[in-house]
Structure formats: structure tokens, C-alpha cells
Amino acid sequence: FSDPFLNRRRASDFIQGDTRLRGITQERIRERSKAHYEHQRELCEDYYPCEMYAYRHGYPAAYKHYFGGRRRTK
């Protein structure tokens, strides 16, 4: 005979929330709350020539050199 109702502890063990999905959601929230200069630095770090330029001249100058002042249009 098995009981169709589970207590809370057993139910939590049986059905787990998707921790990966929760992590992705938290990362998206952190992305929205980042400062402007952090977004610029990450963009520069992802582009190798910009990162090399940043080692010499700093990230603000590198971002301005590679991404600032010109608009990309199609």
C-alpha cells in the first residue's frame, strides 16, 4: 500500500527545480544592473585587438578607439 500524498520534504526530493534555468535568470538580472563601463569593458575583452590595445592604453581608450564615435548601419 502506498500513500498518494507526500510530505513536503519527500516532495522536494522527488521534484527539483531547474537550477540551471534559475542561474540563467539570475545572470540576466545581473546583466541589466551592470554599470555602463562594465558593459564596455566586456565588449572590449571579447574583441582581441581591443583587449591588446587596452593593455597599453586602458579600457576606456581602447573602447573609444574600436567602438566609439562611429555608427554601424546596414
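The values are calculated or read from the model by the stated rules, or taken from the named source; none is laboratory data. Because the structure is a prediction, the values reported are computed rather than measured. We place every Cβ from the backbone using ideal geometry, glycine too, and count neighbours over all the protein chains shown. Each accessible area value is taken on the protein alone, full model and side chains, heavy atoms only, with ligands, DNA and RNA left out. Shrake-Rupley method; radii C 1.70, N 1.55, O 1.52, S 1.80 Å.
Here the 3J(HN,Hα) profile of region 57-68, calculated from phi with Karplus coefficients 6.51, -1.76 and 1.60 at θ = phi - 60°, is 10, x, 5, x, 5, 5, 4, 5, 5, 8, 10, x Hz, Gly and Pro shown as x. Computed on region 14-66, with alpha-carbon pairs under 8 angstrom and 6+ residues apart, the relative contact order is 25 percent. Each of Tyr66, Ala54, His36 was scored by the projection of its Cα onto the charge dipole of region 14-66, and the greatest displacement toward the positive side belongs to His36; charges sit on the C-beta of Lys, Arg, Asp and Glu. When Ile29, Ile24 are compared by accessible surface with a 1.4 Å probe, the order from highest to lowest is Ile29, Ile24.
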